[in-house]
1. Pairs under 6 Å by beta carbon, first residue at negative phi in region 92-118, partner of a type in the set (Phe, Trp, Tyr) and assigned to a strand (DSSP E or B), six or more apart or different chains?
2. Yes or no: residue 67 farther than 21 Å from residue 114 by Cα, at pLDDT 95 or above and in contact with a His (Cβ under 8 Å, 6 or more places away or on another chain)?
3. Restricting attention to region 138-149, which residues are modelled with pLDDT of 50 or more and closer than 19 Å to residue 187 by Cα?
4. Within the group 112, 79, which residue is part of a strand (DSSP E or B) and either open to solvent by 60 Å² or more (accessible area, probe 1.4 Å) or under 17 Å from residue 2 (Cβ atoms) (or both)?
5. Can you pull out every residue in region 6-56 that is in contact with a Leu (Cβ under 8 Å, 6 or more places away or on another chain) and farther than 21 Å from residue 76 by Cα?
6. Applying the selection to region 186-229, what residues are open to solvent by 60 Å² or more (accessible area, probe 1.4 Å) and closer than 17 Å to residue 156 by Cβ?
7. From the list 37, 49, which residue is surrounded by 14 or more Cβ atoms within 10 Å (Cβ to Cβ), in contact with a Phe, Trp or Tyr (Cβ under 7 Å, 6 or more places away or on another chain) and assigned to a loop (DSSP other than H, G, I, E, B)?
8. Does residue 114 qualify as being acidic (Asp, Glu) and within 16 Å of the chain's Cα centre (by Cα)?
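The values are calculated or read from the model by the stated rules, or taken from the named source; none is laboratory data. Remember, it's a predicted structure, so these values are computed and weren't measured experimentally. Every residue, glycine as well, gets a Cβ built from its backbone with ideal geometry; the counts of neighbours run over all protein chains shown. In case anyone asks, the SASA skips ligands and DNA or RNA and just uses the protein heavy atoms, side chains included. Shrake-Rupley method; radii C 1.70, N 1.55, O 1.52, S 1.80 Å.
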Amino acid sequence: MSCPRCGGPMRPPDLMHTEWRCDEDGPVPPFHVAEHIGADILASALAAIEKAQVSQGRPRLPVWCPWPLPPGWVMTGVAWAGDDRTGVRATAVACSGPSPLRGGPADLVLVAEEPGVGLGNRFGGIPGLDPGAMISDAMSDPGPRVADHGGPHAKIKVGGHPTPLWSVKSPTDRSAYAGEARGMWLYAITWPASAGYLLAEHVVLHDLSEWLPPELVYGAPSPYLHGKA
């Protein structure tokens, strides 16, 4: 387990504290990453997420995954922030495949989170705990990537609904898009930055907590879920 905001080590609850704590960020929900990925591991992770939610009487948290996967892409990881004491407050799914422009390897991490967790900002390499201010800036100054002033940088379908995403300023090694779906922040972060053009294609996100496609293909664990970002 690690801190969802900085990736640092966590201190467990003790006699003096009832919450998990990070030395840098204070009380935060612990971030769990499945060490490997496969059908059984993913099913176990989804069951753990559901159990944590039920134990706290909290609504189901979406676990977004592109489905169908883009040609040549595989799923490479699943993670979540929270536990049975607090419920789950964020989920993450990683995929990898050929870059849509250069054809080299590319990685995608999708994050769904409640306000204030900071997981998506961490993977996006952007400051703060949520993308609200940066989305506002992007909406007022969309730049040359969109034809009509004020339009979103990407439009994908999330859970059956058209959903706008906005490109927010991130380090040059990646691209970060953010928006809202089901009342939660939704992030799509890609490495390298050029892989962000994947979102210009017909991308559909499916909630794995509702149904786990048996045809999902799995690959080597994502280095970005395991500390590279």
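1. From residues that are at negative phi, the pairs are 107/191; 110/64; 111/187; 112/64; 113/185.
2. Yes, satisfied.
3. Once the filter is applied, which keeps residues that are modelled with pLDDT of 50 or more and closer than 19 Å to residue 187 by Cα, region 138-149 yields 138, 139, 142.
4. None of the others qualify; the one that does is 79.
5. Scanning region 6-56 gives a single hit, 53.
6. 197, 200, 201, 202
7. 37
8. Taking the combined requirement at face value, the residue satisfies it.
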